[in-house]
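The values are calculated or read from the model by the stated rules, or taken from the named source; none is laboratory data. These numbers come from a predicted model, not from an experiment. Cβ placement follows ideal geometry from the backbone for every residue including glycine, while neighbour counts extend to all protein chains displayed.
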């Protein structure tokens, strides 16, 4: 019941934030970002398997929220559902664009054109699985406290306040664990991609 109440309170806050954003309030957008960005980043990361792409999708989503918050109708959808739909749509678009770019850059035989399929090729699927495996391996290498906090934030969609309540740990400690965990993940994923991974807001 406590969890349901917490989600209900979060929905109410986010409705207020979105109404504020629709009215041009940058403070409301910042407040929404602080509470929702971690979970939305985690969703984009699961779809894309690439930290840098997930960060760019997150920025695109909040740019879209700033432009189109007035289109949010609380009578038709909850705030969390609306935000996840925006994130999934952006992430899938980027995934398709990535696949399309790879196909354009690679020579194709005539039978490739004749037998083209919307499904990912074995090579693409293998690459995606490797990326997912590396992310999971990097997570597993973190200290237990940092890994636990990150998983609750990115994969369970909990806010920092909710994580602190769940683990019965001070909020400041949770923020520190998440920040330190993200710093270590950034280094590990940056090494794997051959370039540094951009920062994610705590």
*Is it the case that the stretch 118-132 has a residue that's buried (at least 16 other Cβ atoms within 10 Å of the Cβ) and either at pLDDT 70 or above or touching a strand residue (DSSP E or B) at 6+ places or on another chain (Cβ under 9 Å) (or both)?*
no
*Please verify whether the stretch 163-178 includes one or more residues that are crowded, with 16+ Cβ neighbours inside 10 Å, at pLDDT 80 or above and either under 19 Å from residue 80 (Cα atoms) or in contact with a strand residue (DSSP E or B) (Cβ under 7 Å, 6 or more places away or on another chain) (or both).*
yes
*Checking residue 85 against (1) surrounded by 15 or more Cβ atoms within 10 Å (Cβ to Cβ); (2) farther than 28 Å from residue 187 by Cβ, which single condition isn't satisfied?*
(1)
*Please work out which one of (1) at pLDDT below 90; (2) closer than 24 Å to residue 93 by Cβ; (3) exposed (fewer than 15 other Cβ atoms within 10 Å of the Cβ) is the condition residue 48 fails and give its number.*
(3)
_Flag if residue 56 is surrounded by 14 or more Cβ atoms within 10 Å (Cβ to Cβ) and either within 26 Å of residue 139 (Cβ to Cβ) or at pLDDT below 90 (or both)_ = yes
*Residue tally, condition within 16 Å of residue 22 (Cβ to Cβ), part of a helix (DSSP H, G or I) and more than 11 Å from the chain's Cα centre (by Cα), over the stretch 32-83*: 14
*Filter result for residue 135 (touching a helix residue (DSSP H, G or I) at 6+ places or on another chain (Cβ under 8 Å), assigned to a helix (DSSP H, G or I), surrounded by 15 or more Cβ atoms within 10 Å (Cβ to Cβ) and modelled with pLDDT of 80 or more)*: no
